[in-house]
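What follows is a set of notes on a single structure, which appears directly below.
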Amino acid sequence: MSIIVTQLFNGVSLGSILLLIALGLAITFGLMNIINMAHGELIMMGAYTTYVLQQVFIQYLPKAAFGYYFILAIPLSFLVAALLGLLMEKTVVRFLYERPLDSLLATWGVSLILQQVARSIFGAPNVAVVAPEWLNGGLTLTGMTFPYKRLFIVALVLLCIFLLFLYLYKTPSGRRMKAVTLNRDMASCLGVSTRRVDSTAFAIGSGFAGIAGCSLTLIGSIGPTLGSSYIVDAFMIVILGGIGKLKGTIFAALMLGVLSTFVELSTSATFAKVIVFALIIIFLQWKPTGLVGAKVRALD
Amino acid sequence: MLLVSNLQAGYDETMILQNVHLELPKGKIVGLLGRNGVGKTTLVKALMGLIPVTNGSIRFEENEWKKERPEARARAGMAYVPQGREIFSDLSIKENLLLGMEALPKSQRSTSIPQEIFQWFPVLEEMIDRKGGDLSGGQQQQLAIARAIISNPKVLLLDEPMEGIQPNIVQLIQDVLVKISSEKEMSILLVEHNLDAVLACADQFYILDKGQMVMNGNCNEINEDDLQRHLAV
Amino acid sequence: MQPILSCRNVMVDFSGFKALQGVDLQVESGEILFLIGPNGAGKTTLLDVICGKTRSTDGEVIFDGNISLTKLPEQKIVHEGIVRKFQAPSIFLQLTPFENLEIAMKQKKNLFSILFAKMSASQKVKIDELLKKIGLYEVRGELAQSLSHGQKQWLEIGMQLIQEPKLLLLDEPIAGMSGEERTKTGNLIEDIAKTCSVLIVEHDMDFVRKFSTKVVVMHEGKVLCEGAMQDIQENEEVKNVYLGRSG
Amino acid sequence: METNWPRRCKGESFRLTEVLLLLKKYSRGTIYGVFFLFLLIAPLMLSDFRIGLLAKFLCFAIIAVGISLIWGFTGIMSLGHGVFFGLGAYCMAMYLKLEASTSGVPDFMEWNGITELPFIWSIFKNPIFAICSAILLPFLIAWIIGYVTFKNRIKGVFFSLISQAVVVVTVTLFIGSQQITGGTSGLTNFFTVFHVPLADPGTKSFLYFLTVSLLAIVMGISLILTKTRFGRLLIAIRDGENRLRFLGYNPAIFKVFIYALSAAFAGIAGALFVLQVGIITPEMMGIIPSIEMVLWVAIGGRHSILGAAIGAILTNSAKSFLSETYPEFWTIFLGGLFLLVVLYLPNGLVGIVEKFKVRFFKKEKKEAEKDAADSLVS
Amino acid sequence: SQTNKPAQRTTSDSSSGTVEGDTVSVGILHSLSGTMAISEVSLRDAEMMAIDEINAAGGVLGKQIKPIIEDGASDWPTFAEKARKLLQQDKVATIFGGWTSASRKAMLPVVEQNNGLLWYPVQYEGMEQSPNIFYTGATTNQQIVPAVDWMLENVGKNIFLIGSDYVFPRTANKIVNAQLEAKGGKVVAEEYTPLGHTDYNTIINKIKSAKPDVIFNTLNGDSNVAFFKQLQDAGITAKDIPVVSVSVAEEEIRGIGANVLVGHYAAWNYYQTTDTPENKTFVENYKSKYGKDRVTGDPIEAAYIAVYLWAEAVEKAGSFDVEKVKEAADGVEFKAPEGVVKIDGETQHIYKTVRIGEVQADGQFKEVWNSGEQVKPDPYLKTYDWAEGLSQQAN
Ligand SMILES: Nc1ncnc2c1ncn2[C@@H]1O[C@H](COP(=O)(O)OP(=O)(O)OP(=O)(O)O)[C@@H](O)[C@H]1O
Ligand SMILES: Nc1ncnc2c1ncn2[C@@H]1O[C@H](COP(=O)(O)OP(=O)(O)OP(=O)(O)O)[C@@H](O)[C@H]1O
Ligand SMILES: NC(N)=O
Ligand SMILES: [Mg+2]
Ligand SMILES: [Mg+2]
């Protein structure tokens, strides 16, 4: 029984990590149709930002302050990744809105460049981020341990989702964003400043990648190739949820998290991966537009 | 209101429009006629800024507009109903209409739809929360018109707005156009194939042929023979 | 005469919204049947059901006496002889008008025959003739994307004709055409009707008046009335919901 | 037309124009001729090592031609062609490995404690079977995958990402079943094919020319396919496959066929690759190689068979050159190259040539029209 | 490998390498990009340092060593291609390179067919002995086998095996299984995860229910970070269940965070803290060359000594010729940072001292056990009875 509960928790926590990684893509890919292969490198930038901030705290601030660096790291990672995203949008992505598949290829180039740049700046070996003291340990309930880090990530994801929903569905800015992504020309004919909306949207999507990177420092390695190990999963989640469907993305991430932890429990990590991906393929055969797929009236 | 002179525009390497002159007086409806493929849509797109103008000028309230982006034109008071309707298919009717108000200054944008719109197009009120893409062709066309006039533009560009709309609503739209053009001093460019529809509401007309203006005048002093010459196939 | 197409109690439900609420309709062979009705009455939806794009939630569509269409895949329905022109022009923009017609042309359309297909002289003549008929002969070699809206409409009608259908479904075929082109299209349709039945959705009453033999009026997902145009015009309800003062 | 020449070409530009016109007329043939001529005489000009590399790039060119068929002409972007390349390669490699195993069981199986050859391996003792399956297995697997996905009307990025998922499944499976596949290390250490040493200069030349010929055949098939009604149908599918349904076609079948064909091409390439490079690993079928394959085609020009082939050769040459010259930073340069090409050459290298051709041709046409008008007036 | 001689070997005409004027070129072939770069870049640094030192001291046979660096890009076929390039195009006298066993297996046929020389500096799974490869890292009887003995003696008998899913961990664990069976230990479970795997919660759950005395860890690369961080979060400390790793060196500790690893063990032949005069200089030089915060470690040291061993062998042979160097290599000794090492000509591996270390709070190891004398390399474990089944197959 307790193993079921802890596995369920593990699944949910893996799901929220996946969701955090996919949330940014849900915007840049789901809404804007940009297949951003450099999304992983934006995640990596978020992680390195956290690392740098940690070093700054260690070097320049009193020891007592160290515990707070991680709180500051979250918005800072968002900002750094968002700025990088903004730069990418202005220089690369902007020319590719009409050519989604080409965006994949161009951003692939960006990802190669960013990886090597990170290697040149931070060195090839992994760096370590030490979690603040208050994130160590876990909540022990009836003999089961729920690590604080995992609980923290779940909470962080909930907060991100809440803010994103608010932005997308309750603000005119979110409405403009949806309009521009649906029909750029027409939106501009109505007076929407498409360039600004595009940049904002891409920056926000990238910013979420930064947050994902920040929280990944709690559980994994921080190195130049950090992002590449998550990128495929992230795309699968967006696709599985249904392109442009935030709710779908959330379901998909949780489903994937829980599914793979339980399959892994009864098989091995390798076969869990095989089975989960095979299930995704089969599921999409059955529901080709994803969990929350859109029915469109248009012919094509 | 809008003065186009010597305009040259087209796609990539092919120039469609040559030497086009056009004047939209304040508060008047101007009909633009022409056979298929003569460049009517191209002209409207050039006016809205969707395709680049290679030569000539577009003056709007004494300012040169040739190089402005579409959104700037929209904010300055130009609105556009495209030939393909171009509804935001994934957004609700309400959201589509709210987007129509983007052209207004922030202070004048409201969060609700002016009742006037629903008086003209009751079907939109009935379906206010349905997705734009689910509407029937004619319903979409009505939505497109409503979306354009909701911002009270100074210049309204209509590319075949009656296409696919049921007869009684066509009449209604004609009435609405006449009404708003005079009441709100809106200048309207009405691209139409249907001569009767133009004659029913326009004050002046232009005829475009092979990318050039070949004829213009007042609707009440039209010469049937000339018309036939330029419009017949 | 036996009807070539008969719809019985066709219903369509779009997740709660009942677009069609039991449509009964018959098309006799060789007739030009006009389908009119207010925007959103369900005309396009009905055509969608007939050609297989939308699946009906209830009811039957019988073609040519005994073929039930409600379960057939789209291309099978085409093979039975029903072709459809969509409301928005849907041609292949990256091909020339000639190539568009070449692909649409009546021929074996399975993988094997297409792989080894050769353009025969008679096929070429047929296409060229049609190109002239629809006025696109001059531009037959240019990419269809550079055609104007009206030309695209024509090309699409041409693509339906060259399939030599038994039943032609047209959704607002003259939208975006000028006066004379309308007449020409009308004549073309009358010409076609000699060999096949035609079901047309249209909002232009002059056109309907001129070319219809029979008219069916739809309203709110049901057939409101049917008959000759003169009779329809007198119907108060039709006037109210649809025609307005032009009726 | 001919008689108009002197009038149009004034003074010095005369010769140039003439030459260009001739080139235009025979341009396709000329370019193909030059291309294959270069490949045939390359062994005379390049070192053994470089020819080895070129041979590898030619294998990649075969894949690129297949990808251009499905992507450039049909609009299907497969991010999973590595799998078909890999299947072809593994089929060949299994045969080679068996020929190289003196004890009857490949070395990696011994490390994994397997003493008896599994059935799946023993059938690859027959070289003919191995070669046939290198082509047919990818074809069949692609047919199955394609049949289900296309029948279910999955397309666009959905298909692309599903093909990536197929990659993940295949690669993970290959890595995870070490006892049978050799795991991450893949299969390597081969000595002979048909009992002829692979390292023999003669074998190497033979394989090189075999690769050139197969590339020619594959390009020939593709050209024929695209220039016929079938090719126009592919373009129609790219434009809007749903419309085709209402013209009485089942687009799924056509897509399945072309997809499977391009998979077979990739399989051929895989078999040739293993013969000449001597190693195949699961990572070679992974996400990265699969995306790179598409990039070659994008760089060369997706709408052109020859462009795709040249793209594969040039991109890989650039990759080799950059990584040898700047082992530390070559990925930056390579990434930059990808970026620039995609941004500024949407139709790849071929796009530049085409643009030039179009411009030249247009000028010719316009001038001809003007001449005609002139002669009318005069 | 030994059993499979290539049917015909193309003997390169200038098998003595490119000796141009007063330089001799050698190849350095590690992953400078891709996932393996996190480990391999440091090996390149160590080899470059050795080359610089040797050049400063007058070179080899009076010639300056000219390194030609190539990027293996964490891709095994690329390793093969670059090795071929170095041998055929640059005609290098020898190659130093590789980390993963997979990369070595890819280079093996290339060096054999071109009669080149490869120095491979990382501990590995044994069962291999190419005539063209020298192995300067530990083979199994110099690391894994003694580590298992040590575990049985000092920690416990119930062992949980976790490893990355590739040839090294799989083969290593096969050996461990045989060894434990013979010596009364018990494998409670054996788990593999794909290289680069990052979620270990489920496996940790399995560990919790299997309740082993000790975890024997053959994970490689990034996965170690995730594994140890998540192990700590699950509340499992080194006191509860210690982990003995064979691929976690000082550099990995730096990337994980020492606090996460305190109290866990590793088995190696060298630590940065190994107390020899040579090591003191080595660590000092390395830090002053590459930065104060850089650390050394076993593979780094093995890469460093590879260059020296090759140079010594060349000096002894008086030639760069591969055959002559191989012949001369037997018995070549070098005062390495880990202590004196000696090439065993028969196996082309080297004699090494085995050391078990415990991770300290400063990220360094404290040696808790060593083998005393150098252990003779035995890649096929021929001298171990319990390994009979294993080694016979491989022979
Ligand atoms: N995107 C395009 N690229 C190139 N040429 C185009 C493009 N769109 C239209 N054209 C060409 O421009 C010409 C004018 O087209 P336009 O759409 O302006 O005609 P129109 O007068 O609006 O016709 P219709 O009444 O049929 O709508 C046509 O000959 C058409 O071939
Ligand atoms: N996918 C859908 N989801 C929800 N409602 C839909 C959908 N498709 C159509 N409808 C609704 O069904 C009704 C019938 O639409 P249909 O397109 O058949 O009308 P129509 O008679 O062709 O109108 P028009 O003359 O304007 O073209 C409309 O009210 C439309 O909003
Ligand atoms: N030899 C190794 N660690 O792969
Ligand atoms: Mg138009
Ligand atoms: Mg309709």
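The values are calculated or read from the model by the stated rules, or taken from the named source; none is laboratory data. Computed from a predicted structure; not experimentally measured. Quick reminder, even Gly has a Cβ in these numbers, built from the backbone with ideal geometry, and neighbours come from all protein chains shown. Side chains included, ligands, DNA and RNA excluded: accessible areas come from the protein's heavy atoms. Shrake-Rupley method; radii C 1.70, N 1.55, O 1.52, S 1.80 Å.
Hydrodynamic radius of chain D by the Kirkwood approach over all distinct alpha-carbon pairs: 22.6 Å. When you restrict to C-alpha pairs under 8 Å that are six or more residues apart and normalise by the size of chain E, the relative contact order lands at 17 percent. Taking every residue in E:228-234 and counting other chain Cβ atoms within 10 Å of its Cβ, the average works out to 6.
Expressed as a whole percent, the accessible surface of the protein assembly as shown that belongs to carbon and sulfur atoms is 58, based on a 1.4 Å probe.
Put simply, chains E and A cover up around 2800 Å² of each other's accessible surface, both sides summed, when a 1.4 Å probe is used. Taking the Cα atoms of the protein assembly as shown, the ratio Rg/Rh between the radius of gyration and the Kirkwood radius comes to 1.02.
Taking the charge dipole of the protein assembly as shown about its Cα centre, with +1 at Lys and Arg Cβ atoms and -1 at Asp and Glu Cβ atoms, the residue from A:LEU76, E:GLY255, D:GLY86 reaching farthest to the positive side is D:GLY86.
Normalised by the number of residues in chain D, the average gap of Cα pairs under 8 Å and 6 or more apart makes the relative contact order 30 percent.
DSSP beta bridges fully contained in chain B are about 55 percent antiparallel.
By DSSP, what percent of the beta bridges with both residues in the protein assembly as shown are antiparallel, rounded to the nearest 5? Just about 50 percent of them are antiparallel. For chain C, modelled as a GNM with alpha-carbon contacts under 10 angstrom, which of C:PRO97, C:PRO173, C:PRO73 fluctuates the most? Between C:PRO97, C:PRO173, C:PRO73, it is C:PRO73 that shows the largest mean-square fluctuation. Which longest uninterrupted range of chain D lacks any GluC sites (Glu not before Pro) assigned by DSSP to a loop state (not H, G, I, E or B) and surrounded by at most 13 other Cβ atoms within 10 Å? In short, D:117-378.
Under unit Cβ charges (Lys, Arg +1; Asp, Glu -1), what dipole magnitude, rounded to 20 debye, does chain D have relative to its Cα centre? Walk me through the numbers on the way to the answer.
Working: 32 positive and 21 negative charges, 369 e Å.
In debye, rounded to 20, chain D gives about 1780.
When A and D come together, around 3700 square angstrom of accessible surface is lost from both chains combined, probe 1.4 Å. Seen from every direction in turn and averaged, the convex hull around the alpha carbons of region A:2-286 projects onto 16.4 nm². In percent, rounded to a whole number, the relative contact order of region A:2-286 is 41, using alpha-carbon pairs under 8 Å and six or more apart. Rolling a 1.4 Å probe over the protein heavy atoms leaves C:HIS149 with an accessible area of roughly 40 Å². Helical content alone sets the calculated 222 nm signal of the protein assembly as shown at -16500 deg cm²/dmol, taking -39,500 (n - 2.57) per DSSP H segment of four or more residues and averaging over every residue.
Relative to the dominant Cα principal axis of chain D, helix D:201-227 is inclined by about 50°.
What does the charge dipole of chain B about its Cα centre add up to, to the nearest 20 debye, if the Cβ of each Lys and Arg holds +1 and the Cβ of each Asp and Glu holds -1? Each step should come with its number before you reach the end.
Details: 23 positive and 31 negative charges, 128 e Å.
Dipole of chain B, to the nearest 20 debye: 620 debye.
Label-to-label distance for A:PHE66 and C:SER113 is 8.0 nm, based on points extended 7 Å past Cα in the beta-carbon direction. What shape does region A:1-139 have by the C-alpha gyration tensor, where a ≥ b ≥ c are the square roots of the eigenvalues, rounded means a/c under 1.5, and otherwise prolate means a/b greater than b/c and oblate the rest? It is oblate, given that a/c is not under 1.5 and a/b is not larger than b/c. With the charge dipole of region C:5-112 set up from +1 on Lys and Arg Cβ and -1 on Asp and Glu Cβ about the Cα centre, the Cα lying farthest toward the positive end among the listed residues C:LEU33, C:CYS51, C:LEU5 is that of C:CYS51. About the centre of its Cα atoms, region C:71-208 shows a dipole size close to 720 debye [charges on the beta carbon of Lys, Arg (+1) and Asp, Glu (-1) only; nearest 20 debye]. Taking a span of 24 Å or more along the helix axis (Cα atoms) and a mean Kyte-Doolittle hydropathy of at least 0.0 as the rule, the DSSP H helices of chain A that qualify are A:2-25, A:39-60, A:69-91, A:100-122, A:148-170, A:194-216, A:246-266, A:269-286.
In the protein assembly as shown, taking the dipole from charged Cβ atoms about the Cα centre, the farthest positive-side position among C:VAL208, A:ALA187, D:SER213 is held by C:VAL208. Per residue, chain E exposes 30 Å² of solvent-accessible protein surface, assessed with a 1.4 angstrom probe and all protein chains in place.
Excluding the sites themselves, what is the longest stretch of chain E that contains no GluC sites (Glu not before Pro) in a DSSP loop with at most 10 other C-beta atoms within 10 Å? Longest stretch, sites excluded: E:1-345.
Averaged over its residues, how many other protein chain Cβ atoms are within 10 Å of peptide E:26-33's Cβ atoms?
Values: counts 0, 0, 1, 1, 2, 1, 9, 15.
The per-residue average across the peptide is 4.
Could you compute how much accessible area chains B and A hide from each other, both sides summed, with a 1.4 Å probe? Nearest 100 Å² is fine.
2100 Å²
Once you average over the residues of A:111-119, how many Cβ atoms of partner chains fall within 10 Å of each Cβ?
6
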